[in-house]
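> Sending over a structure as structure tokens; questions will come in a sec.
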Amino acid sequence: MKYHSTSIILLLIFPALITSCMSNGGNTPPRIPRPPHGLSDKEPGSQAYDQDAFLGHDQAEEFNTLPLEESKRNLALLVKKIDTNGDEAVSNSELIVWINKTHIRYITSTSDIHFTDLDNDFDGLVSWTEYDSKTYGFVDSELYEIEDEQHQELGYLRARDERRWKVADTDSDGSLTNTEFRAFIYPEEFTHTRPNYARETMNQIDMDNDQYVNFEEYINDLLTEKDQNGHPDWVDAEELRFKEVRDANGDGKLDLDEVTAWLFPLFSEVESEATHLISMSDQNMDGELDLKEILDNHDLFAGSKATEWGEALKSEL
């Protein structure tokens, strides 16, 4: 699925950067940043994905390169924190706890930053009016020239966000607390917002609007831009997965329950990543990772991204 190459990219609107538009002469709408979801927006199985999952997303986007030996020393310190029982080995369960903790820290800090930016009166609440005005206010302004296609897309996103807002607003008072806002920003992470998110996802994939996802729609969602003109080797395997795993009732298409099971499998992305990291690094095949095995696979776990190291180490050491 296409968010972070593993799930749907549902365009999540953040506050519009009006000043950036004004600097361009005021005739085009401001660029709207869109945050990643899941453990990473990198290609699953790549070292960049593994590093994001292990350390957390790189929020600075610009980073310095650490010397290899310094990076390995930092990794060794981090491993001690992950090894909570002090047996000098990182188990699958310890790795799951760590990756999940890293992910939660990322989505919490990201959500908090945007909540603070939107809470203009500092009352600990953000109303729909505050959010809508700051995010979509430019749509109603005469300062910006918006093409019809853009206007239609923004109208869809605005309506979608308002639905998400109402679902995240658990006390139905029209405003979101910091915690409620987190569920609005990351609906796939919270039980009460997942059903609406699954419906959004299905509607986006369901190109013929028959309330089902057929195999062609399923594959089109998985194909990257690079894959569009060919027949990647993995398509045949994915067709078998669609028939034997995704399509539980065997009717040749996915209903909402089957799409939901696809989006939120029992074996989570975090568990899958922990298993992958161990399988790639477990040289003695004992099901755990000692310090040497992790350092020998330094690039898999950390590379040399100073900013990500800084975020992880400041929080955990």
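The values are calculated or read from the model by the stated rules, or taken from the named source; none is laboratory data. It should be emphasised that the depicted structure is a prediction, and the values quoted were computed from it without experimental measurement. Note that we place each Cβ from the backbone using ideal geometry, even for glycine, and neighbour counts take in every protein chain shown. Surface areas here come from the heavy atoms of the whole protein model, side chains and all, with no ligands, DNA or RNA. Shrake-Rupley method; radii C 1.70, N 1.55, O 1.52, S 1.80 Å.
> Roughly how many nanometres apart are two label points built 7 Å out from the Cα toward the Cβ at Lys226 and Asp112?
3.6
> Let me ask something additional. Once you list every other residue whose beta carbon is under 13 Å from the beta carbon of Ser93, what net charge do they have if Lys and Arg are +1 and Asp and Glu are -1?
Details: positive: Lys101; negative: Asp83, Asp87, Glu94, Glu271, Glu288.
Net charge in that neighbourhood comes out at -4.
> Moving on to the next point. Classify segment 213-262 as rounded, prolate or oblate from the Cα gyration tensor: take a ≥ b ≥ c as the square roots of its eigenvalues, call it rounded if a/c is under 1.5, otherwise prolate when a/b beats b/c and oblate if not. Mind dumping the intermediate values first?
On the way: a/c = 2.62, a/b = 1.84, b/c = 1.42.
Prolate.
> Can you compute the FRET efficiency between His192 and Phe122 using 1/(1 + (r/R0)^6), with r the Cβ-Cβ distance and R0 = 30 Å? Round to the nearest 0.05.
Working: r = 27 Å, r/R0 = 0.90.
So the FRET efficiency works out to roughly 0.65.
> Given a 1.4 Å probe and every protein chain left where it sits, what share in percent of the accessible area of segment 160-251 is carbon and sulfur?
46
> Can you give the FRET efficiency to the nearest 0.05 for Thr170 and Asn92, using r as the Cβ-Cβ distance and R₀ = 22 Å?
Here the calculated transfer efficiency is 0.05.
> Given the Cα-Cα distance of Asp210 and Ser141 and 0.36 nm per residue of separation, how much length would full extension add, in nm?
21.2 nm
> Evaluate the distance, in nm, between pseudo-label points positioned 7 Å from the Cα of Glu70 and of Asn203 along their respective Cα→Cβ axes.
5.0
> Next up: With a point put 7 Å past each Cα toward its Cβ, work out how far Lys81 is from Lys292 in nm, to one decimal.
In this crude spin-label approximation the distance works out to 2.6 nm.
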